[in-house]
Amino acid sequence: MPSTRLFARNRFLCALLALLALATAPARAGETREITDMAGRKIVIPADPRRVFGAAPPVAVTLYAIAPERLIGINVPLRGDEKSLYRKEAVDLPVLGSNAGMGRQLNLEEIAAMRPDLVIAWLGFYQEKGQVEASFAKINVPVIFLKLDTLDDYADAFAFLGRVFGREAQANEMAAYIRDALARVRKATADIPPAERLRVYYAESPDGLATDCDKSFHTEPILIAGGDNIYHCEQTSHVGMEKISVEQIVALKPSLILTQNKGFIALAKGSALWRNVEAVKNGRIVDVPHAPFNWLDRPPSYMRALGVQWLANLFYPARFPLDVKAETKKFYRLFLGVDISDADFSRIME
Amino acid sequence: MRLALLPFLLLAVVLVALSVGRYPLAPSDILGFLGACLGLVDLPPERFDLLRNLIVEIRLPRVLAAGLIGASLSASGASFQAVFRNPLVSPGILGVLGGAGFGAALGILYSGDFLTIQISAFAMGLVAVGVGVLIANLFGAASMVTLVLGGMISGALFASALSLVKYAADPYDQLPAIVYWMMGSLGAVDLKQLKGAAPAILIGVGALTLAGRALDALSMGDDEARSLGVPVQATRYGVIATATLVSSLSVSLAGMIGWVGLVVPHVARLAIGPTNSKLLPASALLGASFLIAADSVARNITRAEIPIGVVTELLGIPVFVLVLGRARRAWA
Amino acid sequence: MREPSPRPRLEGLDLHFSRGKRSVLEGVTLGFGAGEILALLGANGAGKSTLFRLLLGFLSAKRGEVRLDGAPLSSFSRREIARRVAYVPQGHVTPFPYTVREVVMLGRLPETGLLRAPRAQDREIVEGIIARLGIERLIDRPYTEISGGERQLTLIARALAQGARLLVMDEPATGLDYGYQLRLMRHLSDLCAEGHGVLVSTHHPEHAMQIATRIAILHEGRIEADGPPQAVVTAERMRRLYGVAVEVFDDPFGARRLAPVVGRATSEADR
């Protein structure tokens with residue numbers, strides 16, 4: 001019967017097509033589900049997002065920890081001198097810019113061409129949420145927001161991302177690490193009276209004369225580790241880096257200087273300007289490790305979970321004893337997916 | 001106002017600037033320190049050392065740097081205005097600022113060492129002016145118009161090169177450092193650097209002052225200057241080279257400080273007239289006083305330092321508007 | 001430094017000059033000395049300004065030579081030239097408000113040199129000259145705020161302050177009102193009588209005939225005529241030079257006059 005044969009042939013064709021579709025498209029492609037993001041928005045996203053773009057460095061660095069192979073790009077070029085510390089999945093990713101801070105801004109058309117199925121944006125203090133939503137609505141990609149204001153938020157963010165990517169176990173381990181680190185550091189430093197807290201000056205820029213307020217998100221780790229950031233004020237801009245005079249630093253008597261510029265250590269030790277600054281007199285200027293990502297800031301990230309322990313140990317070795325090397329190895333394994341050697345460790349701490 | 005009063009104004013500003021700062025010192029501390037220096041008063045050695053550090057090592061270099069930079073920007077601005085016969089010209093006319101900005105950014109990108117940044121800014125400032133003059137000569141004989149065009153092109157060229165450097169810079173630390181350098185800062189200048197730059201700046205400003213009468217003739221027009229016996233090309237290029245050297249030295253010391261080189265010569269001209277042999281020293285003295293005062297505002301008015309470039313703009317623009325109102329008739 | 005000659009003289013000999021392919025001057029020989037007012041007539045574009053710039057040494061000739069006091073101009077330094085020959089440009093506006101006194105004081109530059117400040121003696125000379133030209137009421141006014149005629153007198157005062165005996169003036173009467181035109185001519189006559197030599201270019205043949213001791217006509221890059229006013233200014237020449245008809249006649253006082261021919265007569269003469 002011709003009609004049956006036709007039907008049979010059609011069925012065969014359908015099966016073939018379905019098989020083809022299964023072979024080429026990712027599993028569960030097209031399937032979606034509704035979630036509530038960290039901004040409290042209900043939004044429909046792919047059930048298993050495969051091509052993900054993190055729209056700002058703190059987000060992308062977080063995704064780097066939990067789902068590196070899903071990233072379609074990064075925001076800023078990776079530092080060339082630390083290639084060995086990066087996951088191999090990320091080394092060759094294209095640089096796509098970001099929608100936050102200074103530097104390369106993303107190009108929406110370029111993002112569209114990369115065909116992301118999910119954009120994850122930063123619910124930052126200085127980000128206009130509506131604007132971010134509107135811009136990605138133009139290229140018809142769902143956006144979810146991560147809240148990363150404080151180190152505690154990072155623990156929640158990992159737990160949330162674990163659900164997004166179906167990697168709850170790994171994500172919960174990370175979240176637990178952050179919560180545990182925070183709890184231990186807080187416990188060790190909670191009872192230090194304000195007057196006895198270590199006075200810390202946070203030196204940025206090559207001349208060491210830019211800094212950030214103690215209430216700025218840029219310097220949160222100093223606060224958590226029980227240090228007293230001598231520059232007491234409210235943050236006024238996203239970028240921060242406020243100018244300060246040497247005289248004011250002399251007056252504020254810091255016992256320790258954390259610097260983000262290695263060149264500054266030599267400058268401060270060699271200059272008459274700085275010689276009466278207490279920390280310089282005592283030779284206590286410490287360079288912040290930054291490989292492959294900065295331990296404290298720029299970008300702010302979960303690296304702070306290690307950073308606060310290192311700082312607490314640096315500030316109060318008796319109250320917070322720490323095997324920095326062992327802790328660093330453990331942290332890099334868990335979050336960055338690399339096993340570092342002793343040589344790597346000394347390079348990082350150099 | 002007479003020229004002879006300006007040194008006293010400068011002295012007064014210097015004394016006030018040395019007495020104020022974010023570190024709380026009472027006038028009695030200052031007097032005590034002066035007394036101790038002269039051997040009249042006994043201070044505990046620790047206190048004396050702190051005062052010496054604050055007044056001599058921290059405030060003095062900054063005040064001296066502000067003075068030197070204000071003087072050099074103003075004197076070179078006045079010289080450029082005479083050479084180009086245009087009261088709206090500022091020391092940046094030939095692209096020196098664009099070049100220095102690019103040089104500084106390059107220094108931040110590749111070294112981050114403060115001294116390297118300064119040297120790189122100075123060198124690229126000179127290179128930019130050289131490129132501008134070269135472009136001017138491409139058009140044929142270098143005239144006023146081709147020089148200005150060459151400077152504009154060179155300045156734009158280096159500004160876009162700066163944008164490229166910014167694009168390549170690490171947005172976490174290098175980029176903000178470049179942006180902050182662009183706004184100018186006097187906070188990191190110390191006596192060592194001043195010893196290097198000060199003689200060149202002082203000699204340069206002195207040489208410009210000596211060229212004052214030739215500049216008067218030159219500001220009448222090339223042919224008239226020639227008919228008055230002035231070697232026009234030698235004077236023009238000598239003055240341009242000196243003013244460029246002096247202004248790029250100051251840019252390399254403290255970054256971009258706008259408006260001083262444009263506004264101060266106008267104020268000085270209103271006060272003592274356009275004769276360059278008086279105008280140039282007056283501009284230098286007034287510029288020094290102005291920048292020291294502006295810097296004192298920058299480092300004292302709020303807890304965070306206001307970038308000096310922002311202060312000179314905020315103070316300079318209203319002054320310029322006032323001056324324009326009074327000088328307008330002369331250009332009609 | 002050589003002292004200026006008692007009988008100063010500036011002359012161009014067989015001057016050739018071209019700008020690109022266009023020939024501007026083709027063998028111009030013209031000189032003047034103390035006690036002379038030489039008026040140079042010529043239509044716009046005839047090459048008067050180029051000739052002046054060659055004579056003042058601002059340009060160098062392709063062929064020919066400029067001689068000052070009998071020696072090649074190129075053998076003099078700028079400053080030496082400035083003590084012998086002064087240039088009076090058209091009254092222009094400077095960008096900076098120099099006072100009349102300051103502008104005239106610039107004339108002392110060749111004497112004092114570039115580095116020495118003016119002395120009391122220089123100030124006296126400047127004030128004397130300003131008084132002589134009758135502009136002492138302007139002495140402390142900005143040069144930028146006085147009239148065109150006052151500016152022209154200021155520039156003449158500056159030329160005199162140079163102490164040079166020879167003056168080269170580029171169309172000084174342009175833009176002056178009637179009163180200043182007459183005043184200017186009187187000053188030039190006086191200067192000539194005192195032993196100055198004046199080379200003046202003008203668009204006004206009438207002015208030239210009133211004060212010039214000699215008139216030269218520059219036409220298409222050549223000196224077409226050079227001689228006493230009576231001999232040089234004829235109706236035919238004026239028609240060829242300016243392309244318009246004029247009547248030339250001697251007035252009852254013996255001076256030669258020009259009168260434009262208007263109406264029907266113009267078209268006849270033009271034909």
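Every read-out reported here was derived from the displayed coordinates using simple, explicitly stated rules and does not represent laboratory data. Because the structure is a prediction, the values reported are computed rather than measured. Methodologically, a virtual Cβ is constructed for each residue, glycine included, from the backbone with ideal geometry; neighbour enumeration extends over all protein chains shown.
When the Cα positions of B:Tyr110, B:Ala82, B:Gly125 are compared along the charge dipole of segment B:37-195, B:Ala82 comes out farthest toward the positive end, with charges on each C-beta of Lys, Arg, Asp and Glu. Compared with the dominant Cα axis of chain A, that is its longest principal axis, helix A:2-24 is turned about 10°. For the residues of C:75-83, the average number of beta carbons from a partner chain within 10 Å of their own beta carbon is 3. For the protein assembly as shown, a crude dipole built from +1 on the beta carbon of Lys and Arg and -1 on the beta carbon of Asp and Glu, taken about the Cα centre, is about 940 debye to the nearest 20. Listed by chain and number, the lysines whose C-alpha is less than 20 Å from the C-alpha of A:Lys129, apart from same-chain residues fewer than 8 away, are A:Lys42, A:Lys138, A:Lys147. Comparing C:Gly179, C:Gly148, C:Gly134 in a Gaussian network model of chain C, where Cα atoms under 10 Å apart are tied by springs, the biggest mean-square fluctuation is seen for C:Gly179. Rounded to the nearest 20, the size of the Cβ-charge dipole of chain B about its Cα centre is 800 debye, with Lys and Arg at +1 and Asp and Glu at -1. Quickly estimate the mean residue ellipticity at 222 nm for chain B, helices only: each DSSP H run with n ≥ 4 gives -39500 (n - 2.57), and the total goes over all residues, rounded to 500. Roughly -25000 deg cm²/dmol at 222 nm, from the helical runs in chain B. With the highest mean first, a sort of the peptides A:314-323, C:60-69 on other beta-carbon atoms found within 10 angstrom per residue produces C:60-69, A:314-323. Sites listed here are GluC sites (Glu not before Pro) in segment A:220-306 whose DSSP assignment is loop and whose Cβ has at most 14 other Cβ atoms within 10 Å: A:Glu234.
Highest mean packing first, where packing is the average number of other Cβ atoms within 10 Å per residue, the peptides A:200-211, A:86-97 line up as A:200-211, A:86-97.
Helix A:57-66 versus the longest principal axis of chain A: what angle, 0 to 90°, nearest 10, using Cα atoms? Around 60 degrees separate the two axes.
Of the trypsin sites (Lys or Arg not before Pro) found in segment B:1-91, those that fall in a DSSP loop while having at most 11 other beta-carbon atoms within 10 Å are B:Arg2. Here is the P(r) of segment C:143-203: all C-alpha pair distances, binned every 10 Å from 0, give 22, 58, 20, 0 in whole percents.
Shielding value for C:88-96 is 6, the average number of Cβ atoms from other chains within 10 Å of each residue's Cβ. Shielding by partners for peptide B:274-282, expressed as the average number of C-beta atoms from other protein chains within 10 Å of each residue's C-beta, is 3.
Going down the list A:Lys215/A:Lys243; A:Lys215/B:Lys166; A:Lys262/A:Lys330; C:Lys21/C:Lys62, which pairs span over 20 Å between their C-alpha atoms? The pairs that break the limit, which is 20 Å between Cα atoms, are A:Lys215/B:Lys166; A:Lys262/A:Lys330.
Taking other residues whose beta carbon is less than 9 angstrom from the beta carbon of C:Ala164, and scoring Lys, Arg as +1 and Asp, Glu as -1, yields +3. The modelled label-to-label distance between C:Tyr178 and A:Asp342, using points 7 Å beyond Cα along the C-beta direction, is 11.0 nm. For chain C, the 222 nm mean residue ellipticity estimated from helices alone, with every DSSP H stretch of n ≥ 4 adding -39500 (n - 2.57) and the total spread over all residues, rounds to -9500 deg cm²/dmol. Between the Cα long axis of helix B:308-331 and the first principal axis of chain B there is an angle of about 40°, rounded to the nearest 10.
Taking 12 Å as the straight-line reach from the Cα of A:Lys88, the aspartates and glutamates in range (excluding those fewer than 8 positions away in the same chain) are A:Glu69. Neighbours of B:Leu25, meaning other residues whose beta-carbon lies under 13 angstrom from its beta-carbon, give a summed charge of +2 when Lys and Arg score +1 and Asp and Glu score -1.
For B:Ala26 and B:Ile203, the FRET efficiency from 1/(1 + (r/R0)^6), where r spans their Cβ atoms and R0 equals 30 Å, is about 0.20. Net charge dipole, segment A:157-203: roughly 80 debye, given to the nearest 20, about the Cα centre with Cβ charges of +1 for Lys and Arg and -1 for Asp and Glu. Scaled against 2.2 N^0.38 Å for its residue count N, the alpha carbon radius of gyration of chain B is 1.03.
Net charge in the neighbourhood of B:Val232 (other residues with Cβ under 10 Å of its Cβ; Lys, Arg +1, Asp, Glu -1) is 0.
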